[in-house]
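**Student:** Sending over a structure as structure tokens; questions will come in a sec.
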Amino acid sequence: MDTQIFTLDPDAPDPAIITRAAAVLRDGGLVAFPTETVYGLGANAMDAAALRRIYAAKQRPASDPIIAHIWQLRQLDQLASEVPDIARELADTFWPGALTLVLPRAAGVPEAIAQGMQTVAVRMPGHPIAQALLKAADTPIGAPSANTFTRPSATSAAHVLEDLGGRIDMILDGGPTRIGLESTVLDLSGDVPTVLRPGGVLFDDLRRVIPTLTLAPKYLDEDTDSTAPGQLLKHYSPRAQVLLFTGATTRRRHDAMAAQASALIESGKQVAALVFDEDQAAFPAQTIHVPLGSAGDLAAVGRRLFAAMRELDLAGADVILVADFGQEGLGGALWDRLLRAAEGRIIDVA
Ligand code: TXA
Ligand code: MG
């Protein structure tokens with residue numbers, strides 16, 4: 001299959017191209033498009049065959065549920081059988097934005113969107129290209145992140161092409177995404193609202209609306225259907241092995257990382273360190289680096305993290321050393337992605 005790529009102004013997408021992309025979606029095809037978090041791989045959410053094409057293109061098991069995207073609140077009632085007041089309040093506060101709400105699923109929404117579950121995840125993205133596409137398609141669009149199974153999410157059209165070129169109909173290139181980490185997934189289908197995945201909307205901001213909110217990210221392997229307790233999800237992973245350093249002080253962590261880098265280089269490994277730009281000097285000269293932003297700028301790290309992992313793969317890194325960015329602000333979402341990328345390989349610096 002030939003994958004068509006169109007470059008669009010992210011703030012004022014060409015309506016003629018949006019119309020073409022919407023027609024592809026309505027015909028059951030696959031279109032990758034930018035949202036403010038990451039690129040999504042879209043298909044008509046009301047068309048089971050189209051949803052199955054997503055799983056095939058991503059090489060992802062059909063048991064992994066897909067987020068339905070909408071552009072106006074009216075569509076929420078088409079997707080969810082029950083919309084509690086708290087969902088409306090959250091939607092009022094955070095939509096359009098980086099928040100996904102899990103709700104009981106309405107009849108008429110294909111089972112393929114969340115195989116084996118009675119729920120549906122819904123998000124209203126704010127990116128002008130996503131909004132225009134959703135409006136033109138005139139149907140909710142199911143879209144997981146536009147990467148192949150277990151690869152880091154795509155934050156640029158080049159990443160989408162790298163993973164999915166030749167397997168999807170169209171890519172809308174709106175440049176790099178603004179947040180770079182996926183949406184926060186909040187489950188409202190049970191008795192207690194629970195954050196399943198920390199993301200672009202901060203936990204503390206959600207707590208202002210739901211003071212009792214709890215965080216219960218799943219580290220079970222949702223993608224491979226594994227139920228082995230404690231098994232970490234292989235997800236958001238570069239090809240290189242990731243070692244995640246935590247504990248002690250920033251200084252001590254960097255010392256431990258630099259020592260580890262020297263030892264690994266000595267043993268013939270290509271070693272990369274994913275650290276703030278000004279910290280790169282503390283590592284042996286042979287260490288591979290890519291820009292990650294300045295100290296303390298977690299928004300820049302969020303924007304760059306997945307792209308940086310892909311760049312380090314291309315640079316031939318065998319091992320990537322990375323330190324915990326703390327739990328403040330976006331730190332929680334970064335920790336979640338790093339933990340998954342590291343598949344549990346944590347080094348606690350005493
Ligand atoms: O920012 C994002 O959320 C991006 C953009 C494209 O919207 N999408 C995204 O989709 O990251 P995906 O498929 O890569 O991740 C969706 C997450 C998965 O962890 C999935 O298990 C969870 O949302 N999810 C989807 N539907 C669910 C449901 N019905 N119940 C519980 N979790 C669900
Ligand atoms: Mg994903």
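The values are calculated or read from the model by the stated rules, or taken from the named source; none is laboratory data. Computed from a predicted model, the values in this text were never measured in an experiment. As a convention, Cβ positions derive from the backbone with ideal geometry for all residues, glycine included, and neighbour counts pool all protein chains shown. Side chains included, ligands, DNA and RNA excluded: accessible areas come from the protein's heavy atoms. Shrake-Rupley method; radii C 1.70, N 1.55, O 1.52, S 1.80 Å.
**Student:** Scan the range 25-86 for chymotrypsin sites (Phe, Trp or Tyr not before Pro) in coil per DSSP, keeping those whose Cβ has at most 10 other Cβ atoms within 10 Å, and list them by number.
**Tutor:** Working: sites: TYR39, TYR55, TRP71; in loops: TRP71.
Counting only loop positions with at most 10 other Cβ atoms within 10 Å, none of the chymotrypsin sites (Phe, Trp or Tyr not before Pro) in the range 25-86 qualifies.
**Student:** Moving to a separate point now. Roughly how compact is the range 227-350, stated as its Cα Rg over 2.2 N^0.38 Å to two decimals?
**Tutor:** That ratio works out to 0.98.
**Student:** Which value, in debye to the nearest 20, describes the size of the charge dipole of the range 4-215 about its Cα centre when Lys and Arg Cβ atoms bear +1, Asp and Glu Cβ atoms bear -1, and nothing else is charged? Don't skip to the end; give the middle numbers.
**Tutor:** Working: 17 positive and 23 negative charges, 74 e Å.
Computed charge dipole of the range 4-215: roughly 360 debye.
**Student:** If you roll a 1.4 angstrom probe over the protein chains with everything in place, what fraction of the accessible area of the range 241-348 belongs to carbon and sulfur, to the nearest %? Mind dumping the intermediate values first?
**Tutor:** On the way: 2200 of 4400 Å².
Percent of accessible area from carbon and sulfur atoms in the range 241-348: 50.
**Student:** For the range 1-105, which trypsin sites (Lys or Arg not before Pro) are in a loop by DSSP, counting at most 12 other Cβ atoms within 10 Å?
**Tutor:** none
**Student:** How much of the accessible area of the range 127-188, probe 1.4 Å, is carbon plus sulfur, in whole percent?
**Tutor:** Whole-percent figure for carbon plus sulfur exposure: 52.
**Student:** Under a point-charge model restricted to the Cβ atoms of Lys and Arg (+1) and Asp and Glu (-1), what is the dipole moment magnitude of the range 241-348 relative to its Cα centre, in debye to the nearest 20?
**Tutor:** Using Cβ point charges on Lys, Arg, Asp and Glu, the range 241-348 gives about 120 debye.
**Student:** At 0.36 nm per residue, minus the direct Cα-Cα distance, what do ARG251 and PHE149 gain on full extension? Give it in nm, one decimal, please.
**Tutor:** Details: separation 102, 0.36 × 102 = 36.72 nm, distance 3.55 nm.
Length gained, ARG251 through PHE149: 33.2 nm.
**Student:** Quick one: helix 298-314 against the long Cα principal axis of the chain, what's the angle to the nearest 10°, folded into 0 to 90?
**Tutor:** 80
**Student:** 7 Å from Cα along Cα→Cβ at both ALA107 and ARG239: what's the point-to-point distance in nm?
**Tutor:** Placing both labels 7 Å beyond Cα along the Cβ direction yields 5.0 nm.
**Student:** Then there is this: Starting from 0.36 nm per residue, how many nanometres of slack lie between ILE347 and ILE5 once their C-alpha separation is accounted for?
**Tutor:** 118.9 nm
**Student:** What is the distance, in nm, between label points placed 7 Å from the Cα along the Cα-to-Cβ direction at GLN72 and at ASP85?
**Tutor:** Distance between label points: 2.6 nm.
**Student:** Looking only at the range 275-299, which residues have a backbone nitrogen under 13 Å from a spot 7 Å from the Cα of SER262 in the C-beta direction?
**Tutor:** Backbone N within reach: 282-286.
**Student:** Which loop-located trypsin sites (Lys or Arg not before Pro) does the range 286-322 contain, where loop means any DSSP state but H, G, I, E or B and the Cβ has at most 13 other Cβ atoms within 10 Å?
**Tutor:** Answer by residue number: there is no such site.
**Student:** Moving to a separate point now. For the pair ALA16/GLN115, report the inter-label distance in nm, with labels modelled 7 Å from Cα in the Cβ direction.
**Tutor:** That separation, rounded to one decimal, is 4.1 nm.
**Student:** What per residue convex hull volume, in Å³, do the alpha-carbon atoms of the chain yield?
**Tutor:** For the chain, the hull spanned by Cα atoms encloses 134 Å³ per residue.
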